[in-house]
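The values are calculated or read from the model by the stated rules, or taken from the named source; none is laboratory data. Model, not experiment: these values are computed from the prediction. Counting neighbours? That spans all protein chains shown, and the Cβs are built from the backbone with ideal geometry, glycine included.
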Amino acid sequence: MNPKDHKIDILNLEWTSYPSRDRESATLVCNYLRFQGCHVVEDSIHRGFESLLRYRPKLLFLTNIGGARINVKVARFASSLGIPVVTTISEGNLKTDHDISTLIWGNNKERIILEKTWLVWNDHDKETILSAVPQYANRIKISGAVGFDRYRICSSEVSGDKINTKKWSFVVGVGCWNFGILDVRDYRYPVVKSVIGENNIKRFLKDRDRFNDILVNIIRRNPDIFFLLKEHPGTQLGFWASGIEDCATEPNVLVIKNEWSIFDCLSLSDIWISYESTTALEMWLMGKPTALLNPSGTDFPLRQQIWMGQPNYPNEGLFQKALQYYRDNHQLPGFLELTDVRKKIIHEIIQWDDGLNHVRVGNEIINLLETNKNIISSEPPILPPRIAEILRHSLGWRKAQLVKHLPKIFISKRKDPRIWNENEIRLFADKRMAQQIAFYEKNGLDKKKLREVRAR
């Protein structure tokens, strides 16, 4: 991109260039905007301050704000420059049994909505947010959950050769929860403690220990089964945070952090086990069975209703019986009986499962560009981050670019989110664009008809 060609329509800033959860959603939206003729640039959130000054976009699009400090700071900087901000919500389906305001704001300490438009997953999310901040009713809209669109748009993209599936009886995928947020070493701990309290933290940490113990025993008892362990992308404390520290070195185990997308992991798995994860719903959309491993039971706080659509195997004995049942019947015990429950849950969470939620987000962005020709001043005025903060993040980005050219022996095995690959972004966007266009054509949707699809 030529720096002189800085007046673009939309700047999208995300954490990863590889196909992570947010990258998948962002690419679908950005591609749709391009399909409709918008000039879109995708860049790293860690280069966000520089990118905003370099491109001076008409609008900033983020898949999420509150979950990370850098997202909040960049969104505040954009607002202070008079650039409208539009976001979706990465982990929607908000829970309502604790302090709602804390869940809504996250790292946004000023508790001022920085978005001109905030697009949430479903009716429940909108009602939950407005119960705490009714003054922002004109900014909250329902778009549906964008990340689930890929299960209507994309076919399986991975080969069983990645793990030689012919060698194993079947593949059990495990979607790991992030127990790390319950530890004082994680920067999110103070917020989590304020939301769920010390007693629940103690319970979750005991569950973490039992999750690890049960899972490693099951893995060792079933050498004919391959276990694909997918860590939560937000973990900061290694295998311990995922509850799999004793499992990772077993010969029939592969641990994935960011090397493959969740879509790839689900595609390769025959069964999906989790402690608490929306990935179970994604597995349902693929027509595959799921179950829970909740050692102390399913009645814990901030629980999403997804748990109600799948059986729980809380101990090693029940887990082992379920695997044997799958060997004999190609189904998990208790799963089929919950079919109607899952149908209801899918609607409640996704809102629309037509594969067009990314279109609803894109159309809201286009509408904002068309109706807001003049810069909108923020009410109340938004103060930018301190100059020192901007410089620190910019220097951190530049340091990361130098580090990535060093020999591998000097680079940490953990993938630095600031290691951004422009070619990776382009190739992934091109692949998804071809799939999106094919999906639109298959459903008889030209540009005009797509513009009629609306959020509400």
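For region 227-278, the candidate set comprises residues that are hydroxyl-bearing (Ser, Thr, Tyr) and part of a helix (DSSP H, G or I); within that set, the residue that is surrounded by the fewest Cβ atoms within 10 Å (Cβ to Cβ) is SER267.
Suppose the filter is assigned by TED's automatic domain parsing to the domain that holds VAL253, assigned to a loop (DSSP other than H, G, I, E, B) and surrounded by fewer than 21 Cβ atoms within 10 Å (Cβ to Cβ); does GLY317 pass it? Against the criterion (assigned by TED's automatic domain parsing to the domain that holds VAL253, assigned to a loop (DSSP other than H, G, I, E, B) and surrounded by fewer than 21 Cβ atoms within 10 Å (Cβ to Cβ)), GLY317 does not qualify. For beta carbons closer than 6 Å, sequence separation of 6+ or different chains, a first residue in region 19-35 that is in contact (Cβ under 8 Å) with a residue 40 or more places away in the chain and a second that is assigned to a loop (DSSP other than H, G, I, E, B), the qualifying pairs are PRO19/SER261; SER20/PRO233; ASP22/THR63; ASP22/SER90; ARG23/THR16; SER25/THR63.
For GLY297, the conditions (1) under 28 Å from ILE419 (Cβ atoms); (2) part of a loop (DSSP other than H, G, I, E, B); (3) without any contact (Cβ under 8 Å) to a residue 24 or more places away in the chain are fulfilled apart from (1). Of all residues in region 338-354, those being among the basic types (Lys, Arg) and under 10 Å from TRP284 (Cβ atoms) number 2. When region 262-274 is limited to residues that are in contact with a helix residue (DSSP H, G or I) (Cβ under 6 Å, 6 or more places away or on another chain) and modelled with pLDDT of 95 or more, the one that is nearest to ILE153 (Cα to Cα) turns out to be TRP272. Could you tell me whether any residue of region 62-75 is at pLDDT 85 or above and on the phi > 0 side of the Ramachandran plot? There is no residue in region 62-75 that is at pLDDT 85 or above and on the phi > 0 side of the Ramachandran plot. For LEU28, the requirement of being buried (at least 21 other Cβ atoms within 10 Å of the Cβ), within 17 Å of ILE425 (Cβ to Cβ) and hydrophobic (A, V, I, L, M, F, W, C) is met. Within region 23-43, the set of residues being touching a Leu at 6+ places or on another chain (Cβ under 9 Å) and assigned to a helix (DSSP H, G or I) comprises ALA26, TYR32, PHE35. The one condition from (1) more than 17 Å from ASN108 (Cβ to Cβ); (2) small (Gly, Ala, Ser); (3) free of Cβ contacts under 8 Å to residues at least 40 places away in the same chain that SER44 does not meet is (3). Here ASP353 clears all of (1) modelled with pLDDT of 95 or more; (2) surrounded by 14 or more Cβ atoms within 10 Å (Cβ to Cβ) except the condition numbered (1). Of the listed requirements (1) out of contact with any Leu (no Cβ under 7 Å at 6 or more places or on another chain); (2) surrounded by fewer than 20 Cβ atoms within 10 Å (Cβ to Cβ); (3) under 22 Å from ARG303 (Cα atoms); (4) not aromatic (Phe, Trp, Tyr), LEU205 misses just one: (1). Within region 198-248, being free of Cβ contacts under 8 Å to residues at least 40 places away in the same chain and closer than 20 Å to ASP270 by Cα holds for VAL216, ILE219, ARG220, PRO223, CYS247, ALA248.
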